[in-house]
Structure formats: structure tokens, C-alpha cells
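The block underneath contains the structure these notes are about, expressed in C-alpha cells.
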Amino acid sequence: MDEKITVQMSCPMPKFDFDVITLGHGSGGLLTHRLLQSGVFNLFSNDLLDQQHDGASFELNGKIAFSTDSYVISPIFFPGGNIGDVAVNGTVNDLAMCGAEAKYLSLGFIVEEGFAMNEFWKVLVSIKTAAEKANVKIVTGDTKVVEKGKGDKLFINTSGIGIVHTNAFIHHRNIEAGDAIIISGNIAAHGIAIMSLREGLTFETSIQSDTTNLNHTVLALVSKYGKDIRFLRDPTRGGLASVLNEVAELTQLGFHIDQKLIPVQEQVESACEMLGLDPLYVANEGLFVAIVKKESAGAFLNDLQKDCNGIHAAIIGEVLADNGGKVILKSRIGGRRVVNYLTGEQLPRIC
Amino acid sequence: MKYLSEYRDPEMVEAFLKEIHHITTRPWTLMEICGGQTHSLVKNGILNMLPANITMVHGPGCPVCVTSVSVIDEAIFLAEQPHVIFCSFGDMLRVPGSKKSLLECKASGADIRILYSPLEAVQLAKNNPDKQIVFFAVGFETTAPSNALSVVQAAKLELNNYSILASHVLVPPAMEAILSDTNNTINAFLAAGHVCTIMGMEEYEPVAEKYKCPIVITGFEPVDLLQGILMAVKQLEKGEHKVENQYTRYVQREGNRMAVDIINSVFAVNDRVWRGIGTIPNSGYEVNEQYKNYNARIKFNIDIEKAMENKDCISGDIMKGLKKPKQCPNFGAKCKPEHPLGAPMVSSEGACAAYYQYAGINHV
């Protein structure tokens, strides 16, 4: 997780006719063509994309996983990454949570008129770098431009197709009382990194987003532990608390977690205290929750901690039959409480 | 990890709990004044760790919860004026007014910003001379100095596009209102540490004396709260009624004089309507005559009909400690955080929201 991708100097920005994206770039005419040629086709070149057809045709063997996500982050550049990294990693990770190795991505842009060309280029280069790191190909895409004020700089949609590993049996139905709840690293970094830049909340911090691709990490574990991995989910929006609530509701089992076992960076925890936010509900981009058979949990954790995406991984609790459908937190001082879904956005407190 | 771990130390918590269990011989009812304290009690699971004969009731110390419907309506009126940027602390946005909340108002296109400090609003005023910036100055005595400072700052910068909608509330008059209620069951108070950091201890002494009621100025962390409870129970068991200070790391007897002076330079004490409780005399701050140009009520000539509270919400009884959230027939049914009938279900400090979020556990 520590290796962070920065804009590669080996991708110099091609010469565009404009400094900003204009409505013409989404018209389907010459400007669109030029933008796509130099900005997309050359940059993401691969055998399927190079056909420049309306869609990509290919053969796949085995069970397929298919996922889509839209990315509307503000601000689009933040410490540790940008919207481009998240757009690739997010969909790759959603597929990984199905036990699938991402193979192909679609890439859709909705750009607001006036968006700076050099910023667009930075995002494109990040997408290229993230896709290479995740070993996934961008094979089809779309670009639309909306009038100034009708968007927020840049929205991205990616859909992904992956092949499910033959050892993967990931389904909430497989979860049993006694299973261990494992988190792959420190929680809440992404949300706090983003928040540190928002208007009205600016504070100095070195907190970085944890955005990264998890497919290599997860697939190695799936291959080795197979059926003993009952369930995987990445706690993005809504954080750890929301994921655990979803799965508690689906299984009607009790998810018991221990606050002192949940890894949080000291800086992130301090920022949450200062802002009046609960780190359990803050977004993550490079984490996963695994529900693992009790007997395999120790070995699973050991392997995960050896991976760069799992250095801070920890067993944070267990699934029990009591308090079915609820998430129960044992506080640092030993008191117990229910952790509920969040209502709407977390709003900062007065005092 | 200074101030994050020391006051959450399980061994200290254990030691205080043991002593509380040891010295408690009779049933006592304690009220923690501040919503931040309520939240910490529930969030850390402390309520379930106390002896069965100690009852904690949750006081009116959540500024969001006690802000009346008509003040929310005033805020919405201002936010909907052309060229206004309306600035607020975050948790005021979800509070229902008589027709809608500021959050709904924002979704319909009003320019509403969530800020952490009123001084950021002054900066906004400086940067946007063609806009009117209004700051929603809510809170107890704790937030009053910075809100007052924003007015002083705006005056110094000669900004004529900054004003505040003041809805400040004061703790001692509310305590008296609770203690003088004929149905009162409160034996002792945990006073709000942050309010006293500003105001000091002295104004609580006549209250403790008049109502023979122990008052312990208490912090917000688990160790603070348990020590505060212990100090209060010790007094009750001995039949004492003193004002004591648990939160010594911040609270001084005389308070923060500089902060009090700035409050007094900008605000005047006035009567204030508390949501669910009604009007309490001399229980709020309004912008004074000298700074009336910074009073949004005067500047925008607000004249809207005073709305009635939702009759289905028993927030008054909850905040006076007469009822627990679960005793409300609408709790968790008609009234949930996503559809609050009243403010205590909205704010993260509200007693109803705290119960809804954190309680409801089956003990095994």
C-alpha cells in the first residue's frame, strides 16, 4: 500500500488545440476525434481498443464477474491519488471482492466544459498507470462534455469484466457463527484525505488516500484459502460500519467487533476527533473486509500481513449467533454498543 | 497519543467504576447537561456499566436540539434570499423547520455552506463583496466567543456584507428551569466542561445552594465522566451540595475572562424559546445595539409567522429528564434519524439520536 503511483514523466502531454475542454470536444466531430486519438487511443493502446470499433469483442473462459461504478469525487486531485486512480481501482476491487481477476474495463467520461486540458491529461495518465498496475485493459469508452455548471469538472464511469477464480466461493450465505472478521489495513484514510481539502474544512495533514488495486492480493488469498474465505467486501462509501451492517442484515448473524483491534492511523483518528466524525463511517478505497473460517483466520492473516496491501491487517472480531442482524462494538473501555447504518452524510458537530 | 488515549484508559475506568459501585447505597438520578457527554456515555457503553440504582438522564445541552422551529424557519428564510451565502455548523442542516430543513433548502438550490468556524465566514464575506454572508450563530456559551469575535472582526474590516443569525442559549437558566419544575427528579448535575471553560464556576454556586443540588463540572471522555459521576455520588451520599470541578485541565474558577469580555461586547442577554421547553427568561444571547448592523434579523427585516412545534415530539420532556427516548411512542417508528419529528433525533448530540444509534443491544 505504501507504493504510490505518481504521474509518470514518460507520458508527456500531447499538443492539443485548446487549453480547456470545450463543448466541441464532446460533439463527435473533429475535436472529439483529435482528443480521442492523442488522449485515449495512443495512451491506452491495446489490441482490442486499437480496433476503434463501437464495442470490444473477445472470448472469455470460465465464470464471469461484471461490475460498474461511477466516480464523482470532489476535489478530483487529493493527497495519494486522483479520480483516475480511484476509477480504475474501484472497479478492479469490486471484481476482486467477487473473487474475480479483472480483465477488461470500459471507461466513460462526463467532462464539464472549461475543465483544464492538463488536468484531464493528468487523470488519463493516472488511469493508464493504475490499469497497468492492476493488469487490466481498457477496451471501450465514451466521452461526453456538458455545459459549464452542469457538472463538477469530471465524472468517470468504469465497468469491468473479470474471470472468477475456480477456488472462489464467496457468498454471504456461506458465513457461519464463529467466523473471523478481518480488515486488511488502517481504516478511514481516504475519506479524511479528501475532507482535508474541502472548503471550510482545510487543515494541514500528511494523510494520504489508500487508493490501490487489491486484485493481486485478494486473488492470491482466494487461490490458497478457497472456501474458507466466506465473504469479501471493500468498505468504500459508508466505511467499515456500513459494510458490516449490510452483511449482518443479509445473514441475520451478529457481527461483534472490538474497537481496540481496529487499526486506525493516529493522525486519522485525531482528524476524526477534531472534525467530530466516526472513523467507522469514513470511506476507504484500498481496503477489504474478509469473513474467514475461524480455523484458517490466523494463517490467512499471516499471509495478508506479508502483502504490501495488508501490512496493518488485523482480526477485528467474530461472527456470533447472538444479536442477529446487528453490528456490536466493544468499546476501548469494555462497554458494548450497537453500530448502526449512517443516516445520510456524516455532518460535523457544533462543539 | 495525547488526549486521545489517556482519558479512555480501561484500567482507570475500571477503578472509578469499582469505587462508584462501592460507595452507592441508594438510588440517585444524575443529569449530564451536555449532549457531547450524553453521546460519550452511550457511545462508550458506559450506561450499562453503572450500578443499577444510578440513573443518568440526558439534559438540554445540545444546541441543535433546543433551537426552536421558528429560528430554523428564520434561517431558511435567510438562506433563500437572493445573493445570500448562508453558513452553518454541519449538524444544524438536518433539523426540521416547520416546512423543511436547511438540507432540503440546499438541495433546492440555496447556497448553504458547512463551516467549522465563523471566522471562515468573515473570510467568505471579504472574498465575495457582491454577496451577503450570514452565519448561523448557534450554540451554548462555548461557541459564543468565536461568533462574537467574527462580528468584531467584520466591523474592523468594515465589511457591510456580513451578519449573524444569533440563537445562543445559556446553561444556568436552563438548569434552574429543570430544578424548579414540580416533576423534577434530578439529584445532581454533571455540568458541561466546555461551557465552564469559558464561563468559569461561579455562576453555578447560587444554583447549587438554592436547590441543594451538587454540580460537578465534568469533561467528555470516559474517565472524565466516571470521575464526575463518582464525585457527584460522593456528595449525594454525604448529603453535600457543592460546585466541584472534575475538568481541571481546562476549567478555571474565573473562566476565560478574555472570551467572556468579547461575548459581553457583542451580545446582550435576552429571553429565548427552547424547543420543547418554551420560553426561559434571560436564557439567550442576541446581538446588542452597538453591533445591530451585524444582526441578520434586523438587516433582512425578518418578519415571519412563528411556527408551532410538532405535537408528536416529546423533546421537552426528554430534555428536562422527565422521559427517556424509548418512552416516546414515536421513537424508532414515526421518528427516525432519516425522518426526525424533532431535533433530538437529528443532532449527533441529541439524546434520541444517541439512543437510536448506539443502544438496542441484547445482552447475552
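The values are calculated or read from the model by the stated rules, or taken from the named source; none is laboratory data. Being a predicted model, the structure only gives us computed values, none of them experimental. Counting neighbours? That spans all protein chains shown, and the Cβs are built from the backbone with ideal geometry, glycine included.
How many residues does region B:292-308 contain that are crowded, with 19+ Cβ neighbours inside 10 Å and more than 25 Å from the chain's Cα centre (by Cα)? Of the residues in that region, 1 qualify. Residues in region B:268-291 that are of a type in the set (Val, Ile, Thr) and more than 23 Å from residue B:163 (Cα to Cα) were compared, and the one that is surrounded by the most Cβ atoms within 10 Å (Cβ to Cβ) is B:277.
Taking the criterion of being touching a His at 6+ places or on another chain (Cβ under 9 Å) and more than 21 Å from residue A:247 (Cα to Cα), the residues of region A:217-234 that qualify are A:219, A:223. When the strands (runs of 3 or more DSSP E) confined to region B:1-120 are screened for residues that are more than 25 Å from residue A:276 (Cβ to Cβ), those reaching at least 2 such residues are found at B:28-34, B:54-61.
For region A:35-89, how many residues meet the condition of being part of a strand (DSSP E or B) and under 19 Å from residue A:144 (Cβ atoms)? So the answer is 4. Look at (1) buried (at least 20 other Cβ atoms within 10 Å of the Cβ); (2) out of contact with any helix residue (DSSP H, G or I) (no Cβ under 7 Å at 6 or more places or on another chain); (3) part of a strand (DSSP E or B) and you find that residue A:101 fails only one, number (2).
Yes or no, residue by residue, for (1) aliphatic (A, V, I, L, M); (2) free of Cβ contacts under 8 Å to residues at least 24 places away in the same chain:
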{"site": "B:46", "(1), (2)": "yes, no"}
{"site": "B:64", "(1), (2)": "yes, no"}
{"site": "B:68", "(1), (2)": "no, no"}
{"site": "B:75", "(1), (2)": "yes, no"}
{"site": "B:82", "(1), (2)": "no, yes"}
{"site": "B:93", "(1), (2)": "yes, yes"}
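Here residue B:186 does not fit the description of being within 27 Å of residue B:275 (Cβ to Cβ), buried (at least 20 other Cβ atoms within 10 Å of the Cβ), over 20 Å from the mean Cα position of the chain (by Cα) and among the β-branched types (Val, Ile, Thr).
Looking at A:189, A:193, A:177 in this structure, which one is under 20 Å from residue A:243 (Cβ atoms), touching a Pro at 6+ places or on another chain (Cβ under 6 Å) and outside the structural domain of residue A:31 (by TED's automatic domain parsing)? After applying the criteria, what remains is A:193.
Scanning region B:299-335 for residues that are within 16 Å of residue B:55 (Cα to Cα) and not in a helix (DSSP H, G or I) yields B:320, B:321, B:322, B:323, B:324.
Please specify each residue of region B:1-31 satisfying the condition of being more than 11 Å from chain A (Cβ to nearest Cβ), of a type in the set (A, V, I, L, M) and without any contact (Cβ under 8 Å) to a residue 60 or more places away in the chain. Quick ask: steps written out before the conclusion?
To start, the set of residues in region B:1-31 that are more than 11 Å from chain A (Cβ to nearest Cβ) comprises B:6, B:15, B:18-31.
Subset that is of a type in the set (A, V, I, L, M): B:15, B:20, B:23, B:30-31.
Result: B:15, single match.
Within region B:34-66, the set of residues being farther than 17 Å from residue A:335 by Cα, modelled with pLDDT under 90 and away from every other protein chain (no Cβ under 11 Å) comprises B:57, B:58, B:59, B:60, B:66.
Note on region B:167-183: residues that are crowded, with 21+ Cβ neighbours inside 10 Å, small (Gly, Ala, Ser) and away from chain A (no Cβ under 14 Å) amount to 1.
The residue that is farthest from residue B:122 (Cα to Cα), among those in region A:174-206 that are touching a strand residue (DSSP E or B) at 6+ places or on another chain (Cβ under 9 Å) and without any contact (Cβ under 8 Å) to a residue 40 or more places away in the chain, is A:199. Among residues that are surrounded by fewer than 21 Cβ atoms within 10 Å (Cβ to Cβ) and assigned to a loop (DSSP other than H, G, I, E, B), residue A:141 is not included. Scanning region A:78-89 for residues that are modelled with pLDDT under 95 and out of contact with any Ser or Thr (no Cβ under 6 Å at 6 or more places or on another chain) gives a single hit, A:79. Starting from residues that are within 21 Å of residue B:131 (Cβ to Cβ) and β-branched (Val, Ile, Thr), keep the ones in region B:79-109 and report whichever is nearest to the other protein chains (Cβ to nearest Cβ). So, considering only residues that are within 21 Å of residue B:131 (Cβ to Cβ) and β-branched (Val, Ile, Thr), the one nearest to the other protein chains (Cβ to nearest Cβ) is B:85.
So, residue A:166, is that one at pLDDT below 90 and more than 23 Å from the chain's Cα centre (by Cα) or not?
No; evaluated as a whole, the condition is false for this residue.
Results for (1) within 14 Å of chain B (Cβ to nearest Cβ); (2) within 19 Å of residue A:324 (Cβ to Cβ); (3) surrounded by fewer than 20 Cβ atoms within 10 Å (Cβ to Cβ); (4) not aliphatic (A, V, I, L, M), shown as yes or no for each residue.
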| position | (1), (2), (3), (4) |
| --- | --- |
| A:230 | no, yes, no, yes |
| A:237 | no, no, yes, yes |
| A:251 | no, yes, no, yes |
| A:254 | yes, yes, no, yes |
| A:261 | yes, no, yes, no |
| A:269 | yes, no, yes, yes |
| A:272 | yes, no, no, yes |
| A:279 | yes, no, no, yes |
| A:287 | no, no, no, no |
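Residue B:193: without any contact (Cβ under 8 Å) to a residue 24 or more places away in the chain and within 14 Å of chain A (Cβ to nearest Cβ), yes or no? Criteria not met by residue B:193.
Residues that are at the interface with chain A (Cβ under 10 Å from one of its Cβ atoms), assigned to a loop (DSSP other than H, G, I, E, B) and in contact (Cβ under 8 Å) with a residue 24 or more places away in the chain within region B:338-360 comprise B:340, B:346, B:347, B:348, B:349, B:359, listed in sequence order.
In region B:124-138, which residue that is of a type outside the set (A, V, I, L, M) and buried (at least 18 other Cβ atoms within 10 Å of the Cβ) is farthest from the other protein chains (Cβ to nearest Cβ)?
Step one: of region B:124-138, the residues of a type outside the set (A, V, I, L, M) are B:126-132, B:135-136.
Filter again for buried (at least 18 other Cβ atoms within 10 Å of the Cβ), leaving B:132, B:135-136.
Values: B:132: 18, B:135: 12, B:136: 10 Å.
Only one residue tops the list, namely B:132.
Here the condition is being of a type outside the set (D, E, K, R), at the interface with chain B (Cβ under 8 Å from one of its Cβ atoms) and either crowded, with 18+ Cβ neighbours inside 10 Å or not in a helix (DSSP H, G or I) (or both); of A:311, A:291, A:328, A:316, it holds for A:328 alone. Set side by side, the residues B:90, B:139 differ, and just one is out of contact with any helix residue (DSSP H, G or I) (no Cβ under 6 Å at 6 or more places or on another chain) and either aliphatic (A, V, I, L, M) or modelled with pLDDT under 95 (or both), which is B:90.
Within region A:38-82, the set of residues being touching a Gly at 6+ places or on another chain (Cβ under 6 Å) and hydroxyl-bearing (Ser, Thr, Tyr) comprises just one member, A:67.
The residue list B:76, B:112 contains one member that is farther than 26 Å from residue B:198 by Cα, of a type in the set (A, V, I, L, M) and within 14 Å of another protein chain (Cβ to nearest Cβ), which is B:112.
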